[in-house]
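Reading through the structure tokens given below for one structure.
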Amino acid sequence: MLIVTALTVVKTRSLFAIVALSGVFSLLSALLFITWDAVDVAFTEAAVGAGISTVLMLGTLALTSRAEKESQKSNLLPLVSVVLAGAVMFYGTLDMPKFGSPETPVQTHVGPDYLKRIPDDIHVPNAVTAILASYRGYDTLGETAVVFTAGIGVLMLISGLRRRRINDDDNKNSSDTKDTT
Amino acid sequence: MNIFATEFILGHLNYWLFIILMMTGLYIVISKGNLVKKIVGLNIFQTSVFMFYISMGKVSGGTAPIFPLDGVYDPSIAYSNPLPHVLILTAIVVGIATTSLGLALIIRIREEYHSIEEEHITILEDTVFQTENLPLDGKGGSI
């Protein structure tokens, strides 16, 4: 279903439909995360991916155009390079451990160690919260810094939108009056 | 032999799913000219990487890494690995920051060029570049 959604995004030309489909995609992936026991990730994805990013994209659409124009570029080169990259990754997965097996390197190093320590160290029942806020607290601090920087960037890019528009209109009006006089 | 083959395919099906999704996202990013569509492709690409991480942390027969309220760790219960979940939580939030910055850039580009199609913008850029360079070339020729 995820793949079908993604392929529909490739085909569709209406940007409004694409944004709606990307919301559907996020929601489906959130469901997938729940079946893989990652409940925290699932609700973050549902809130952020399906909620906030859809709203942001709709806002962008309101300020720009709604439809995608037909492209004259050849699709062959991107297709070939994508298939090649996919084939290389496919070859890479042949050595990967089986899905869900408990003996993989991922499961045998720090993961179980965290699980053992958390009840005594932190006294928080949710292991994800415990790691996020304390063992990897600096990561979370860095993340906050990134979000802050992005917020400032967005504000700097968008601020003055109205002012510039008024200026443009003024210039247009003045040139119009010049023309008439 | 045949049983091993089906087992192998079932055990690796998740990786192949990400590869297909990831390549779909990459294809959208490099082949489509519309900037908003490119951002959506980037999001698909990103989500496929998230799925890859989360599926690595999954233990079959395991449960979500939340302890019972008495706070005792029971080694006999299989929990999924919480570390990939934490990394991906951070990545999702950073991803939305990137997306919003990209969308803001699109709005600015649209304001400047009145278009969000890559080809149109390239043509406009070329004409601007040529008109700016023409007088310089003329001077250079006279000297």
* Within region A:121-131, considering residues that are free of Cβ contacts under 8 Å to residues at least 12 places away in the same chain and facing chain B (nearest Cβ under 8 Å), the one farthest from residue B:83 (Cα to Cα) -> A:123
* Can you name the number of the only condition in (1) modelled with pLDDT of 75 or more; (2) out of contact with any Gly (no Cβ under 6 Å at 6 or more places or on another chain); (3) hydrophobic (A, V, I, L, M, F, W, C); (4) buried (at least 17 other Cβ atoms within 10 Å of the Cβ) that residue B:67 fails? -> (1)
* Structure fact -> residue B:115 fails exactly one of (1) modelled with pLDDT of 85 or more; (2) outside any helix (DSSP H, G or I), namely (1)
* Can you pull out the residues in region A:14-48 that are more than 15 Å from residue B:49 (Cβ to Cβ) and touching a His at 6+ places or on another chain (Cβ under 9 Å)? -> A:37, A:39, A:40
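Step by step: first the residues of region B:50-64, then only those that are more than 19 Å from residue B:91 (Cα to Cα) and in contact with a helix residue (DSSP H, G or I) (Cβ under 7 Å, 6 or more places away or on another chain), then the one that is surrounded by the fewest Cβ atoms within 10 Å (Cβ to Cβ). Which residue is that?
Of the residues in region B:50-64, the ones more than 19 Å from residue B:91 (Cα to Cα) are B:59-64.
From what's left, in contact with a helix residue (DSSP H, G or I) (Cβ under 7 Å, 6 or more places away or on another chain): B:59, B:64.
Working: B:59: 21, B:64: 18.
Filtering region B:50-64 for residues that are more than 19 Å from residue B:91 (Cα to Cα) and in contact with a helix residue (DSSP H, G or I) (Cβ under 7 Å, 6 or more places away or on another chain), the one surrounded by the fewest Cβ atoms within 10 Å (Cβ to Cβ) comes out as B:64.
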* State whether the residues of region A:89-107 include one that is β-branched (Val, Ile, Thr), in a helix (DSSP H, G or I) and more than 8 Å from every other protein chain (Cβ to nearest Cβ). => no
* Asked: For residue A:64, which of the numbered conditions (1) modelled with pLDDT under 80; (2) more than 9 Å from every other protein chain (Cβ to nearest Cβ); (3) surrounded by 19 or more Cβ atoms within 10 Å (Cβ to Cβ) fails to hold?
  -> (2)
* To do: Answer yes or no as to whether residue B:6 is part of a helix (DSSP H, G or I) and facing chain A (nearest Cβ under 7 Å).
  => no
* Asked: Restricting to region B:18-37, what's the tally of residues that are at pLDDT 85 or above and not in a helix (DSSP H, G or I)?
  -> 0
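May I ask you to say which residue of B:40, B:59 is outside any helix (DSSP H, G or I), at pLDDT 75 or above and in contact with a Phe, Trp or Tyr (Cβ under 9 Å, 6 or more places away or on another chain)? So that I can check it myself, show each step before the final result.
Numbers: B:40 fails: outside any helix (DSSP H, G or I).
So the residue among B:40, B:59 that is outside any helix (DSSP H, G or I), at pLDDT 75 or above and in contact with a Phe, Trp or Tyr (Cβ under 9 Å, 6 or more places away or on another chain) is B:59.
Given the residues A:41, A:48, which is the only one that is at the interface with chain B (Cβ under 7 Å from one of its Cβ atoms) and in contact with a Leu (Cβ under 7 Å, 6 or more places away or on another chain)? Break it down stepwise before answering.
Details: A:48 fails: in contact with a Leu (Cβ under 7 Å, 6 or more places away or on another chain).
Testing whether each residue is at the interface with chain B (Cβ under 7 Å from one of its Cβ atoms) and in contact with a Leu (Cβ under 7 Å, 6 or more places away or on another chain) leaves just A:41.
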* Scan (1) out of contact with any strand residue (DSSP E or B) (no Cβ under 8 Å at 6 or more places or on another chain); (2) assigned to a helix (DSSP H, G or I); (3) facing another protein chain (nearest Cβ under 7 Å) for the single condition residue A:115 breaks and write down its number. => (1)
* **Lone qualifier among B:79, B:73, B:15, B:53 - being at pLDDT below 75 and of a type in the set (Ser, Thr, Tyr)** => B:73
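The values are calculated or read from the model by the stated rules, or taken from the named source; none is laboratory data. These figures come from a predicted structure and were not determined experimentally. Methodologically, a virtual Cβ is constructed for each residue, glycine included, from the backbone with ideal geometry; neighbour enumeration extends over all protein chains shown.
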